[in-house]
Amino acid sequence: MSTTDEDMNLTFRKFKDGESRRRDWKNAIFKADTSHKCPVYVHRTPPCQGSCPAGEDIRGWLQIVRGVEKPPQDMSWQEYAFRRSTDANPFPSVMGRVCPAPCESGCNRNEVEEFVGINSVEQYIGDTAFHEQFTFDAPPPLSGKHVAIVGGGPGGMSAAYHLRRLGHAATIFDDHEELGGMMMYGIPEYRVPREILRHEMDRILGLGDIHLRLKTRVGRDVSMEEVENEFDAVVWAVGCQTGRKLPVPGGDAPNCITGVDFLEAFNTGRMGALTTERIICVGGGDTSIDVVSVARRLGRIDTENVTDHPEDRIHGYVAHDSAMSAVRTGADVTLTSLFPKEEMTAAEHEVHDALNEGVTIMDGVMPVEVIQDDSGRATALKMARCEFVDNAPTPVEGTEFVLEADLIVSAIGQGGDLEGLEALDNGRGFIDKDPFYHVPGREGHFVVGDIIRPHLLTTAIGHGAMAADSIDHFLRHQQPIKRPRVDVHHFDLLHKLQETGLEPEPYGGEQTRGTSAAGFAVHNYEDRSSQEIISHERLFKGHFAYTPRIRRREHGPGADEVIGHFAERMEGLSEEQARAEANRCMSCGLCFECDNCVIYCPQTAVYRVPKSEKATGRYVATDYSRCVGCHVCADVCPTGYIDMAMGE
């Protein structure tokens, strides 16, 4: 039976349920309406940017990649996209590979078919910058102020980068041999190639006047008071370097270790293979996936030395005999999680890869006891099915079972190590902050990253930028400015006009009403990007055709090939693929020059601005002497850029 017009509700329509009847277009066009409103072009922030902890101008660099926003004449679009991307985040190659991409979860394109592959395009930008040796703009002259940054991970490096761009010198203290924090010591190289990581860190150091004191721990090698006396401000970016032990009886057995220790042993080369057959990792997040994936790659070697325990390799007591690795076989690796697979906090594709590599995942279970032998070593882990009571996991009585194990790895969270820095400890092993990332009660002290609350690498990068802004105000003896509600790096129309030689004329005191033809202001444009995030409900989604996402190719090994497979799994997009994927961006909240409003305006009131005046964000305007307030332009605007707001 056919469907009548009365019953039909289109899949991608602008209207809400119950409002699917056709409008009387004839009356709307020729008689206008009763609102007496005309178009205003309103810039809002898209949800990808609103979801990005680093506050990247994602829509901006996607516009550059797709060719909507043009670079300056002396610059390639790749370099221009790199500069826009790194205005917020100086690690595009690294984050393009490992960030779990909350921006993609927030992407409005999910309401059409699937999110834009933001991470994959960011990786293309970063890898191109690596191959083309792009550098940052020269920083401004030094202010004479010098900031100590304690911790050389993503938060500390970000703070140093943004501080130098604001004119301040920095010295980074780190107790490791190399910078990078969790990027260097927590993430395996097959996910983050060290050549690229070191290059992105060296590019920051290349700004100059960022000094290093490596293998130096503040609170042990240098006192907190000495740092306070030597520097004008201090940034605590010490991260969370200690893992949580299993909080069950027997969890302190010597072969019960943390995921942090396991991964650092691997990434520093102390662990070249395992001497254990059965490994259990308790977790469900990204760290636990890295643990089990590394364990499967390392494989197992047989040894007759009874003192050669797996935890000895992890803690650095046993030298690995590389000749033995030739006889490696696969270890039996199991990952347990409180949550079902689809609710695990690890990225979905990482869970899929682990299963493909031969990891057994047991979900909906919890540990209740570590079973030990007479010497106190763990031999098994008693588990039970679990349910959540008052938001806390609780074992289901009668469902207990035992998993035999030679090594048990706990990846259930991380904590801070504030030995020697007890004055900063808030009593829970972390450091408190105020809204400006200032440590309460300690003038000139600021804090960023996981030591506030463990979260994502990109979160720490965002903290570094925001703290640098607060430190800049502190060093200049200014009060910090209240941060905007939507705290991201926004597209700046005025900056774009200046870049293209279209800066508005100086205001000469002329009239301020009826000035649509005046040159001192941008015609009928309003910037609400620092206050509003645009939802998919404001978009005309029917404009966008179904376009499958272009996925990066992966070279993930199967269970039979995984041993010794340390090559990078992800293959980056080509230039053609990156541009095509960026083209899927819906440009939520900003014009992307589709011409719908010009084509469909029945009064020819909407027009393209002259090419000599055109810039991104300034493509169309309205002749109010012609506009009758029919709303057609707003209805057909795919990006939600047009509000009927001008008038009575």
Name every residue in segment 89-119 that is of a type in the set (D, E, K, R) and not in a helix (DSSP H, G or I), in order of residue number.
GLU113, GLU114
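Quick check on this structure: which one of VAL291, VAL222, VAL282, VAL248 is outside the structural domain of VAL150 (by TED's automatic domain parsing) and in contact with a Ser or Thr (Cβ under 8 Å, 6 or more places away or on another chain)?
Numbers: VAL291 fails: in contact with a Ser or Thr (Cβ under 8 Å, 6 or more places away or on another chain); VAL222 fails: outside the structural domain of VAL150 (by TED's automatic domain parsing); VAL248 fails: in contact with a Ser or Thr (Cβ under 8 Å, 6 or more places away or on another chain).
Only one candidate passes the filter, namely VAL282.
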Looking at (1) in contact with a Pro (Cβ under 9 Å, 6 or more places away or on another chain); (2) over 30 Å from SER76 (Cα atoms), which is the only condition ARG626 fails?
(1)
May I ask you to list pairs of residues, at least six apart or on different chains, whose Cβ atoms are under 7 Å apart, with the first in segment 166-179 being assigned by TED's automatic domain parsing to the domain that holds GLY156 and the second being assigned to a loop (DSSP other than H, G, I, E, B) and of a type in the set (Ser, Thr, Tyr)?
GLY167/SER143; HIS168/SER143; PHE173/THR216; ASP175/THR216
For the structure I just gave you, tell me whether ARG584 is farther than 27 Å from GLU104 by Cβ, in contact with a Ser or Thr (Cβ under 7 Å, 6 or more places away or on another chain) and assigned to a loop (DSSP other than H, G, I, E, B).
no
Considering only helices (runs of 4 or more DSSP H) wholly within segment 7-71, the ones with at least 2 residues that are at pLDDT 55 or above and under 40 Å from the mean Cα position of the chain (by Cα) are 47-51, 58-66
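Could you list all residues from segment 173-188 that are in contact with a Ser or Thr (Cβ under 8 Å, 6 or more places away or on another chain) and buried (at least 19 other Cβ atoms within 10 Å of the Cβ)?
The first filter runs over segment 173-188 and keeps only residues in contact with a Ser or Thr (Cβ under 8 Å, 6 or more places away or on another chain), leaving 173-175, 185-186, 188.
Selection gives PHE173, ASP174, ASP175, TYR185, GLY186.
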For segment 630-648, enumerate the residues that are part of a loop (DSSP other than H, G, I, E, B) and surrounded by 22 or more Cβ atoms within 10 Å (Cβ to Cβ).
CYS630, CYS637, THR639, GLY640, TYR641
Kindly indicate whether GLY358 is part of a loop (DSSP other than H, G, I, E, B), of a type outside the set (Ser, Thr, Tyr) and more than 21 Å from LYS245 (Cα to Cα).
yes
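Can you name every residue in segment 125-162 that is charged (D, E, K, R) and closer than 30 Å to GLN63 by Cβ? Break it down stepwise before answering.
Of segment 125-162, the ones charged (D, E, K, R) are 127, 132, 137, 145.
Passing the criteria: ASP127, GLU132, ASP137.
Name every residue in segment 450-470 that is in contact with a Cys (Cβ under 8 Å, 6 or more places away or on another chain) and within 18 Å of GLY285 (Cα to Cα), in order of residue number.
To start, the set of residues in segment 450-470 that are in contact with a Cys (Cβ under 8 Å, 6 or more places away or on another chain) comprises 450-451, 454, 456-458, 462.
Matches in segment 450-470: ASP450, PRO454, LEU456, LEU457, THR458.
Being in a loop (DSSP other than H, G, I, E, B) and either at pLDDT below 95 or crowded, with 18+ Cβ neighbours inside 10 Å (or both) is the filter here; which residues of segment 442-457 pass it?
Taking segment 442-457 first, the residues in a loop (DSSP other than H, G, I, E, B) are 442-444, 448, 452-456.
Residues satisfying the conditions are VAL448, ILE452, ARG453, PRO454, HIS455, LEU456.
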Filter segment 320-345 for residues that are surrounded by 18 or more Cβ atoms within 10 Å (Cβ to Cβ), modelled with pLDDT under 90 and aliphatic (A, V, I, L, M) and give the result.
ALA331
Cβ-Cβ distance below 7 Å, separation of 6 or more or different chains: which pairs start in segment 535-546 with a residue that is under 17 Å from ASP643 (Cβ atoms) and end on one that is among the hydrophobic types (A, V, I, L, M, F, W, C) and outside any loop (DSSP other than H, G, I, E, B)?
PHE540/VAL636
From the set of residues in segment 402-433 that are free of Cβ contacts under 8 Å to residues at least 40 places away in the same chain and loosely packed, with under 13 Cβ neighbours inside 10 Å, which is farthest from ILE279 (Cα to Cα)?
GLU422
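Within segment 475-489, is even one residue part of a helix (DSSP H, G or I) and among the charged types (D, E, K, R)?
To start, the set of residues in segment 475-489 that are part of a helix (DSSP H, G or I) comprises 475.
Then keep just the ones that are among the charged types (D, E, K, R); that gives none.
For segment 475-489, residues part of a helix (DSSP H, G or I) and among the charged types (D, E, K, R): absent.
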In segment 492-506, residues that are part of a loop (DSSP other than H, G, I, E, B), more than 13 Å from ALA521 (Cα to Cα) and touching a strand residue (DSSP E or B) at 6+ places or on another chain (Cβ under 8 Å) total 1
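The values are calculated or read from the model by the stated rules, or taken from the named source; none is laboratory data. No experiment lies behind these values; they were computed from the predicted model shown. No Cβ is skipped: glycine too gets one built from the backbone with ideal geometry, and neighbour counts run over all protein chains shown.
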